[in-house]
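A.B. asks: Here's a structure for you.
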Amino acid sequence: MKYARIAWALLFAATAAGALGGCTLSTPFQGPAAKAPLEDGQPPAVLAITHVRLGSNLARNIDFWKQIGHVVDAAERQPGYLGHSLRRKLLVGEGWTMTAWSDEASLQAFVRSDAHQRAIREGLDAIEHARFVRVTVDRADLPLSWQRAEQILAADAASRSIAP
């Protein structure tokens, strides 16, 4: 009887983990563009969307997510930053980032920043596969839905993939 209860508990835990593995959590879009009223005549925003699939090394994956936190903190202090949203699939090493910038130069400056470069160095070994794309969008379209961001990422022939 004791073993039957343990078997049922393990089966329930495995089922729950499988169900949660398909669930995603997203942060709300936050940043200056989320707070400030939209003014007429504003130039389009540059949107950077990234999707990563992580390997199975839990310690590396935890370090990767810590680096994401540092990168977001640094982005919020970067000139030209308009906002961001993060998305993560639960119990699966998969995640997305979406950042909005006032122009390409601001995005490039952030990509070259110490915080972003350090995150790449320290988090790269956790990544099994990554894709990223940059697009311009009307500021009135911010925040972009995650459904639309995934469509852009999937459809954009100019997106780049890396597999370290």
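Just so you know, all these numbers are worked out from the coordinates, no wet-lab data involved. This is a predicted model, so every value here is computed, not measured. Using ideal geometry, Cβ is built from the backbone for each residue, glycine included, and neighbour counts are taken over all protein chains shown.
A.B. asks: Using a Förster distance of 30 Å, how high is the FRET efficiency between GLN78 and ARG148, based on the Cβ-Cβ distance and rounded to 0.05?
C.D. replies: Numbers: r = 24 Å, r/R0 = 0.80.
Once the sixth-power term is evaluated, E becomes 0.80.
A.B. asks: Please list, in order along the stretch 79-90, the HN-Hα scalar couplings obtained from phi with the Karplus expression 6.51 cos²θ - 1.76 cosθ + 1.60 (θ = phi - 60°), rounded to whole Hz, x for Gly and Pro.
C.D. replies: After applying 6.51 cos²θ - 1.76 cosθ + 1.60, I find x, x, 5, 10, x, 7, 8, 10, 9, 9, 7, 5 Hz.
A.B. asks: Give a residue-ordered list of calculated ³J(HN,Hα) values for the stretch 107-116 (Karplus: 6.51 cos²θ - 1.76 cosθ + 1.60, θ = phi - 60°; whole Hz; x for Gly, Pro).
C.D. replies: So the Karplus estimates, Gly and Pro as x, are 4, 4, 4, 5, 4, 7, 5, 4, 4, 5 Hz.
A.B. asks: Same structure again: Count the net charge of all other residues whose Cβ sits under 11 Å from the Cβ of TRP96, scoring Lys and Arg as +1 and Asp and Glu as -1.
C.D. replies: On the way: positive: ARG53, ARG87, ARG88, LYS89, ARG131; negative: GLU94, GLU150.
Taking every other residue near TRP96 into account, the sum is +3.
A.B. asks: So, one more: Under a plain spin-label model, where a point goes 7 Å from the Cα along Cα-to-Cβ, how far apart in nm are ALA34 and TRP65?
C.D. replies: The two pseudo-label positions are separated by 1.9 nm.
A.B. asks: So what's the net charge close to ARG87: Lys and Arg +1, Asp and Glu -1, counting the other residues with Cβ under 14 Å from its Cβ? Walk me through the intermediate numbers first.
C.D. replies: On the way: positive: ARG53, ARG88, LYS89, ARG131, ARG148; negative: GLU94, GLU150.
Result for the neighbourhood of ARG87: +3.
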